[in-house]
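Novice: Before I ask anything, let me first share the structure, which is written out below as structure tokens.
The values are calculated or read from the model by the stated rules, or taken from the named source; none is laboratory data. Model, not experiment: these values are computed from the prediction. With ideal geometry, Cβ positions are generated from the backbone for all residues, glycine too; neighbour counts draw on all protein chains shown.
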Number of protein chains: 2
Amino acid sequence: MENHKDSLKELEQIAKNAEKKTKIKVSPKDVEDIISAVKTTGNFWQIVNFSQKPIPVVAETIRLLKKSGYIDFENENIKVLEKFEKKFDYIPKFMSELICPECQGRGINIKAIGIYEEFFEIQKNRPKPIQEYDQGNITPDSTIARVSMMRLRGDIAKKKIIVLGDDDLVGIALALTELPEEVVVLDIDKRLIDFTNEVAQSKGLKLKAEVFDLRKPLPREFNRRFDVFVTDPPEAKKAFETFIQKSIWCLKGVGSVGYIGMTLIDSSLYKWSELQKIILSSGAVITDIIRDFNKYENWDYHQNTLAWKIAPVKSPANTIWYVSVMVRIQIVRKPVAKNTLMKDKDIYIDTESTTT
Amino acid sequence: MENHKDSLKELEQIAKNAEKKTKIKVSPKDVEDIISAVKTTGNFWQIVNFSQKPIPVVAETIRLLKKSGYIDFENENIKVLEKFEKKFDYIPKFMSELICPECQGRGINIKAIGIYEEFFEIQKNRPKPIQEYDQGNITPDSTIARVSMMRLRGDIAKKKIIVLGDDDLVGIALALTELPEEVVVLDIDKRLIDFTNEVAQSKGLKLKAEVFDLRKPLPREFNRRFDVFVTDPPEAKKAFETFIQKSIWCLKGVGSVGYIGMTLIDSSLYKWSELQKIILSSGAVITDIIRDFNKYENWDYHQNTLAWKIAPVKSPANTIWYVSVMVRIQIVRKPVAKNTLMKDKDIYIDTESTTT
């Protein structure tokens with residue numbers, strides 16, 4: 001009992017120090033979640049995966065744990081020392097067995113929609129993610145899960161859908177179902193757009209892709225045209241707001257829907273609360289928040305990112321570790337929707353995003 | 001195409017009329033979801049289940065569809081007529097195959113926590129739900145799923161947990177894991193409290209249950225005492241606010257957690273957006289929204305509820321149809337927490353809640 005109080009105090013102290021250093025809000029619960037992950041794996045990237053905390057916070061917490069003699073580094077992994085076990089004995093391991101092994105926690109059966117095999121073959125030839133465009137793509141399973149969720153919620157059949165940024169080939173998967181009225185894909189990367197249009201042509205899909213820099217205002221004719229948008233917005237507060245309001249600007253109005261990929265690896269829960277306020281004050285309600293939904297394939301330029309640089313120990317990233325949350329929103333009142341230019345300083349003025 | 005525009009107009013008209021009659025916000029998308037459900041099943045309660053709309057809205061929409069000659073009633077079920085198929089041919093059936101059959105859409109593996117069999121035996125002797133207390137309990141699977149989710153998010157071990165209202169025996173299931181520091185159950189029903197305390201005593205569980213009318217202010221000594229609360233609050237806006245703020249008043253502060261059961265059967269999405277604003281402005285963030293998580297066993301007094309009364313056709317309710325959404329919140333800033341009396345008029349002044 002005394003021991004427990006002691007370790008709670010220690011958590012508070014670490015949280016305070018980590019917050020001071022990273023300038024990101026850190027609670028004792030955040031530190032506890034990181035310690036639980038450290039008990040479960042020695043691999044830095046898997047600690048990020050299990051704890052779902054911003055990378056600077058995980059990195060700084062681990063540095064502080066090492067400084068206090070709780071852990072050590074060994075062969076690019078983290079090794080727990082005896083002092084650690086004593087102090088934090090009450091914190092249990094992360095129990096990944098509690099995640100449904102069949103659907104990997106998404107709650108979605110990806111087999112029923114009937115496009116899995118075809119999509120899997122198509123995506124083998126996709127262009128590789130490049131750092132210039134902050135790219136990274138989710139696994140084919142994740143793309144099909146996203147489209148299956150959209151079908152489950154009645155958001156595909158006869159719908160006009162816009163995909164704002166499409167590293168994940170969601171546009172192709174949607175069109176393969178042959179259900180949408182219209183699918184429009186915008187992306188800055190000409191390679192992705194060419195690939196999407198080639199697939200559309202060879203398969204005879206209802207799908208149009210165009211090169212477009214999404215920082216710019218969208219074409220006038222997109223205003224109130226679509227039933228559904230799909231996007232993975234930047235997570236710096238001001239950039240998120242501009243991006244979401246532009247996406248909502250494309251929607252017809254009450255009853256229209258948005259699918260938003262959001263992370264807890266490039267955002268703190270504190271920032272999330274700000275981003276959720278933006279969603280609600282834009283006239284939408286949040287209908288679903290499904291954690292660990294989108295699983296990212298590891299990308300070639302990982303060792304050139306800020307995330308790699310600040311990692312206190314350079315563990316290999318050879319299994320999936322970066323995941324994102326599937327958030328579905330629906331418009332419930334006259335939306336606040338602006339189609340404005342996003343300034344670069346709004347995107348990058350954020351201490352929490354490190355993987356781009 | 002012309003046909004599609006026509007049916008969109010029809011959806012708009014039905015939405016408008018249903019909204020006028022029920023005084024609940026109804027969008028064309030809501031009507032579309034109900035029509036999709038009508039295509040899938042003739043049973044009124046399953047239509048509510050698949051469409052996830054407030055019962056008065058489903059009832060009125062079905063009345064309007066009948067009035068316009070789209071559907072008819074046959075043997076207490078709903079039968080789709082030819083005119084319906086023509087007008088709404090583009091709306092596909094609800095595809096329940098897309099829900100993971102293993103975890104029923106929860107994303108949780110209920111087998112891993114290791115208390116399933118024991119809990120299943122215990123709960124067989126639970127007191128039956130009675131209307132006086134608006135009771136209804138979720139399936140044992142759902143209770144175990146809830147506790148498993150809590151374990152997955154690190155919200156049980158060494159935590160002080162308060163369960164505000166416990167038809168679902170969450171307190172017993174939590175204590176069976178032997179992980180919490182403290183579990184306190186409050187409920188107005190003496191039968192439930194006696195049952196819980198008897199189980200606690202015979203099994204030697206760390207679990208205290210007390211008879212308490214949750215409309216009243218909570219005991220002073222609960223202020224900032226708990227790490228986690230679990231509750232299924234009333235969903236009338238004012239009552240929800242009082243209830244959530246009281247629950248948060250029990251929490252220690254930043255990093256503390258709440259599990260809230262919410263429905264789309266006694267609430268519209270429009271009201272949900274108001275309830276979500278209450279959560280955010282109380283100092284919390286929403287970390288999870290998992291639909292169809294809690295599945296309710298059918299209750300004996302169903303035929304005495306307002307829901308039964310307003311059902312346009314008295315279909316049998318012999319399979320699970322009432323489900324609720326699992327919402328997890330976490331405190332991210334100094335909370336707004338008040339421990340106030342809830343007035344009865346605040347609970348019942350709501351057109352959307354009909355199942356109590």
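Novice: Pick from A:Arg146, A:Arg106, A:Arg151: which is more than 10 Å from chain B (Cβ to nearest Cβ) and basic (Lys, Arg)? Give the derivation first.
Specialist: Working: A:Arg106 fails: more than 10 Å from chain B (Cβ to nearest Cβ); A:Arg151 fails: more than 10 Å from chain B (Cβ to nearest Cβ).
Within the list A:Arg146, A:Arg106, A:Arg151, the selection yields A:Arg146.
Novice: Cβ-Cβ distance below 7 Å, separation of 6 or more or different chains: which pairs start in the stretch A:73-91 with a residue that is closer than 16 Å to A:Glu32 by Cβ and within 14 Å of chain B (Cβ to nearest Cβ) and end on one that is among the acidic types (Asp, Glu) and surrounded by 12 or more Cβ atoms within 10 Å (Cβ to Cβ)?
Specialist: Close Cβ pairs satisfying both conditions: A:Lys87/A:Glu10; A:Ile91/A:Glu32.
Novice: Yes or no: A:Gly136 within 8 Å of another protein chain (Cβ to nearest Cβ) and surrounded by 13 or more Cβ atoms within 10 Å (Cβ to Cβ)?
Specialist: no
Yes/no matrix, rows are residues, columns are (1) more than 9 Å from chain B (Cβ to nearest Cβ); (2) in contact with a Leu (Cβ under 7 Å, 6 or more places away or on another chain); (3) surrounded by fewer than 22 Cβ atoms within 10 Å (Cβ to Cβ); (4) modelled with pLDDT of 95 or more:
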position: A:Leu264; (1), (2), (3), (4): no, no, no, yes
position: A:Trp299; (1), (2), (3), (4): yes, no, yes, no
position: A:Ala317; (1), (2), (3), (4): yes, no, yes, no
position: A:Val332; (1), (2), (3), (4): no, yes, no, yes
position: A:Ala337; (1), (2), (3), (4): yes, no, yes, no
position: A:Tyr348; (1), (2), (3), (4): yes, no, yes, no
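Novice: Moving to a separate point now. Taking the stated definitions as given, is A:Asp33 within 9 Å of another protein chain (Cβ to nearest Cβ) and part of a helix (DSSP H, G or I)?
Specialist: So A:Asp33 passes the test.
Novice: Here is a further query. Name the single residue that is surrounded by the most Cβ atoms within 10 Å (Cβ to Cβ) among those in the stretch B:149-160 being out of contact with any strand residue (DSSP E or B) (no Cβ under 6 Å at 6 or more places or on another chain) and in a loop (DSSP other than H, G, I, E, B).
Specialist: Here the residue is B:Ile156.
Novice: Another question about this same structure. Of the residues A:Ile47, A:Ile55, which is surrounded by 24 or more Cβ atoms within 10 Å (Cβ to Cβ) and without any contact (Cβ under 8 Å) to a residue 40 or more places away in the chain?
Specialist: Result: A:Ile47 is the single residue among A:Ile47, A:Ile55 that is surrounded by 24 or more Cβ atoms within 10 Å (Cβ to Cβ) and without any contact (Cβ under 8 Å) to a residue 40 or more places away in the chain.
Novice: Another question, if that's okay. Determine if the stretch A:77-88 includes at least one residue that is at pLDDT 95 or above and within 24 Å of A:Thr354 (Cα to Cα).
Specialist: Yes, the stretch A:77-88 contains a residue that is at pLDDT 95 or above and within 24 Å of A:Thr354 (Cα to Cα).
Novice: Here's another thing I want to ask about it. Only one of these is under 26 Å from the mean Cα position of the chain (by Cα) and farther than 23 Å from A:Ala157 by Cα: B:Ile78, B:Ile47, B:Ile62, B:Ile34. Name it. Outline the logic, then answer.
Specialist: On the way: B:Ile47 fails: farther than 23 Å from A:Ala157 by Cα; B:Ile62 fails: farther than 23 Å from A:Ala157 by Cα; B:Ile34 fails: farther than 23 Å from A:Ala157 by Cα.
Among B:Ile78, B:Ile47, B:Ile62, B:Ile34, only B:Ile78 is under 26 Å from the mean Cα position of the chain (by Cα) and farther than 23 Å from A:Ala157 by Cα.
Novice: Here is a follow-up. Between a residue in the stretch B:167-195 that is on the phi > 0 side of the Ramachandran plot and any residue that is crowded, with 23+ Cβ neighbours inside 10 Å and at pLDDT 95 or above, which pairs come within a Cβ distance under 7 Å, given they are 6 or more apart or on different chains?
Specialist: Within 7 Å, the pairs are B:Leu169/B:Thr143.
Novice: Does the stretch A:200-220 contain any residue that is closer than 30 Å to A:Leu264 by Cβ, buried (at least 16 other Cβ atoms within 10 Å of the Cβ) and among the charged types (D, E, K, R)?
Specialist: The answer is yes; a qualifying residue exists.
Novice: Check off (1) among the small types (Gly, Ala, Ser); (2) more than 24 Å from the chain's Cα centre (by Cα); (3) within 9 Å of chain B (Cβ to nearest Cβ) for A:Gly69 and give me the number that stays unchecked.
Specialist: Checking A:Gly69 against (1) among the small types (Gly, Ala, Ser); (2) more than 24 Å from the chain's Cα centre (by Cα); (3) within 9 Å of chain B (Cβ to nearest Cβ), the one that fails is (3).
Novice: Then there is this: Kindly check whether there is at least one residue in the stretch A:204-224 that is of a type in the set (Phe, Trp, Tyr), within 24 Å of the chain's Cα centre (by Cα) and under 26 Å from A:Ala284 (Cβ atoms).
Specialist: For the stretch A:204-224, residues of a type in the set (Phe, Trp, Tyr), within 24 Å of the chain's Cα centre (by Cα) and under 26 Å from A:Ala284 (Cβ atoms): present.
Novice: Okay, next question. Given the options B:Phe212, B:Phe222, B:Phe226, name the one that is under 13 Å from B:Val163 (Cβ atoms) and either within 14 Å of chain A (Cβ to nearest Cβ) or touching a His at 6+ places or on another chain (Cβ under 7 Å) (or both).
Specialist: B:Phe226
Novice: Something else: If A:Glu241 meets every condition in (1) in a strand (DSSP E or B); (2) of a type in the set (Asp, Glu); (3) more than 8 Å from every other protein chain (Cβ to nearest Cβ) apart from one, which number is that one?
Specialist: Among (1) in a strand (DSSP E or B); (2) of a type in the set (Asp, Glu); (3) more than 8 Å from every other protein chain (Cβ to nearest Cβ), A:Glu241 violates only (1).
Novice: With the structure loaded, tell me whether A:Gly105 is assigned by TED's automatic domain parsing to the domain that holds A:Leu205 and either under 30 Å from B:Asp292 (Cβ atoms) or surrounded by fewer than 16 Cβ atoms within 10 Å (Cβ to Cβ) (or both) or whether it fails that test.
Specialist: no
Novice: Output the number of the condition that A:Asn3 fails; it satisfies all remaining conditions of (1) under 16 Å from A:Ile55 (Cα atoms); (2) within 11 Å of another protein chain (Cβ to nearest Cβ); (3) touching a residue at least 24 places away in the same chain (Cβ under 8 Å); (4) part of a helix (DSSP H, G or I).
Specialist: A:Asn3 satisfies every listed condition except (1).
Novice: Here's a check for you: in the stretch A:69-102, which residue that is surrounded by 14 or more Cβ atoms within 10 Å (Cβ to Cβ) and among the polar types (S, T, N, Q) is farthest from A:Trp45 (Cα to Cα)?
Specialist: A:Ser96
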